[in-house]
Amino acid sequence: MPTRRAVLAAALMVLAAAGCSGSGSGEQQAEANTIVVSTFPFGVKEFEQAVITPFTQQTGIKVELDTGSNADRLSKLKLAKGEPEADVVLISDYFAALGQKDGLFQKVDVPNIKQLAPFATEGGYEGPAYTHQLNGIIYNTEQLDQKQAADWNLFADAAHKGKVALPDISVTAGQLMISGVGETYGKGPYDIDTSLRTLAGWAPNVLQFYTSSTEVTNLLTQGEIVAADALSGFATKLVSSGEPIAWTAPAKGRYMATNRAMIPKGARNPEGAAKLIDYMLSAEAQSAMAKTVGDLPTNPKADIPPEIAKVTGEAAKDPVAAGYQTLDPAELVDTRATWVDRFTREVAGK
């Protein structure tokens with residue numbers, strides 16, 4: 001017969017095993033109630049306030065944020081080789097297309113997709129657009145009127161030599177500008193030869209090809225430039241603060257970019273990821289993002305704050321009705337490296 005000591009040892013082993021099992025189950029439960037979101041480095045606190053906090057309160061799902069540039073986060077996803085840290089990737093449309101080409105994303109299908117404007121779900125992307133950005137002209141109202149600012153010839157006018165700025169091709173507005181110029185002066189948004197030739201003609205007038213919103217807003221507020229091609233979001237705070245600044249859509253060549261909500265293949269918590277994306281597409285969340293973050297919604301039922309409406313008018317609510325179009329990623333992904341090289345040599349290097 002076993003001794004009391006042997007019986008006690010066996011009982012302790014059973015308890016220890018049960019404790020280990022409980023710990024593993026707890027870890028699995030915690031993982032099921034947590035998702036990692038890969039997102040942009042700006043407006044993080046505002047995004048947490050508008051989306052993350054109410055989502056967690058409603059669902060009990062905790063959210064960890066991993067921030068960085070589009071390029072850096074896409075590279076991280078590639079290096080993960082099918083075992084990504086992120087469950088949701090919030091990324092601009094061009095980089096989403098690059099990731100799709102490499103097979104990094106899976107199809108997103110959530111109920112609130114049905115509420116979105118058509119432009120938010122078309123274009124062959126695996127994930128929906130949760131916000132959009134309008135390209136246009138930001139300008140000093142004491143130096144220019146709206147009609148002057150809306151005319152692309154503003155940048156060709158020698159009277160404004162050294163007093164205008166344009167985006168570098170590396171930023172979102174850069175590609176939208178190139179396509180707008182291609183449509184206005186050439187055969188369409190992908191007429192790179194005409195666009196670069198036109199931009200090269202404007203280059204001597206350009207004080208700076210900027211790479212950040214801070215650069216262009218500083219140039220404007222310090223009076224160094226009178227106008228710049230820029231996204232509408234750049235103007236919102238300036239206009240609200242009372243600066244003599246306005247933004248307008250160009251008379252022709254109106255293009256917009258979208259930010260996409262994607263789920264990587266191999267995501268550890270795709271169910272939780274889908275719940276977050278579905279929440280982000282709701283009118284409630286999109287209204288909060290517009291008010292707190294300044295994001296333009298893709299759900300037509302979302303509210304547009306007065307400060308955004310003052311800058312963009314009805315274009316924020318219905319960009320397509322205002323003449324805006326999205327670009328086809330299939331036309332851009334394979335040509336991107338060549339276009340970047342040509343822009344650097346033929347335009348920015350002038």
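The values are calculated or read from the model by the stated rules, or taken from the named source; none is laboratory data. Since the structure is predicted, the reported quantities are computational estimates derived from the model, not experimental observations. Quick reminder, even Gly has a Cβ in these numbers, built from the backbone with ideal geometry, and neighbours come from all protein chains shown. Note: accessible area is taken over every heavy atom of the protein model, side chains too, but ligands, DNA and RNA are not part of it. Shrake-Rupley method; radii C 1.70, N 1.55, O 1.52, S 1.80 Å.
Using the Cβ of Pro329 as centre and a radius below 14 Å, the other residues enclosed give a net charge of -4, where K and R count +1 and D and E count -1.
With a ≥ b ≥ c the root eigenvalues of the C-alpha gyration tensor of the stretch 39-88, is it rounded (a/c under 1.5), prolate (a/b larger than b/c) or oblate?
It is oblate, given that a/c is not under 1.5 and a/b is not larger than b/c.
Per residue, how much accessible area does the stretch 96-243 have with a 1.4 Å probe, in Å²?
The answer is 41 Å² per residue.
Highest mean first, the peptides 127-140, 197-210 sorted by other C-beta atoms within 10 Å per residue fall in the order 127-140, 197-210.
Take every Cα pair under 8 Å whose residues are at least 6 apart in sequence, average their separation, divide by the length of the chain, and the relative contact order is 25 percent. Rounded to the nearest 20, the size of the Cβ-charge dipole of the chain about its Cα centre is 660 debye, with Lys and Arg at +1 and Asp and Glu at -1. Look at the dipole of the stretch 176-329 built from charges on Cβ: of Ser240, Ile225, Gly253, the Cα furthest out on the positive end belongs to Gly253. Here's the picture: charge each Lys and Arg Cβ at +1 and each Asp and Glu Cβ at -1 in the stretch 83-122, and of Leu98, Ile113, Pro84 the one pushed furthest to the positive end of that dipole is Ile113.
Skipping prolines and chain starts, which residues have an amide H placed within reach, meaning under 5 Å, of the one on Val226, given they are 5 or more residues away or on another chain? The list, which skips near neighbours in sequence, is Val164.
Distant-in-sequence amide contacts of Val36, defined by a placed amide H-H separation under 5 Å and a gap of 5 or more residues or a different chain, comprise Glu64, Asp87, Val88. Of all beta bridges that DSSP places with both ends in the chain, some 60 percent have antiparallel geometry. The residues packed around Leu77, meaning those with a beta-carbon under 12 Å from its beta-carbon, carry a net charge of -1 if Lys and Arg are +1 and Asp and Glu are -1. Principal axis analysis of the Cα atoms in the stretch 211-337 yields extents of 50, 38, 29 Å, listed in decreasing size. Checking every one of the GluC sites (Glu not before Pro) in the stretch 102-210 against DSSP loop status and a limit of 13 other Cβ atoms within 10 Å picks out Glu122, Glu142.
What's the carbon and sulfur percent of the chain's accessible surface, probe 1.4 angstrom, rounded to a whole number? Display every interim value, and only then the final one.
Details: 8580 of 16530 Å².
Carbon and sulfur atoms account for 52 percent of the accessible area of the chain.
Rg then Dmax, both in Å and based on the Cα atoms of the chain: 24.5, 105. Check each of the trypsin sites (Lys or Arg not before Pro) in the stretch 206-277 and keep only those in coil by DSSP with at most 13 other C-beta atoms within 10 angstrom; list them in order. Qualifying residues, ordered by number: none. Using a cut-off of 18 Å between Cα atoms, the listed pairs Lys275/Lys317; Lys237/Lys291; Lys114/Lys275; Lys45/Lys310; Lys161/Lys252 include Lys275/Lys317; Lys45/Lys310; Lys161/Lys252 as exceeding that distance.
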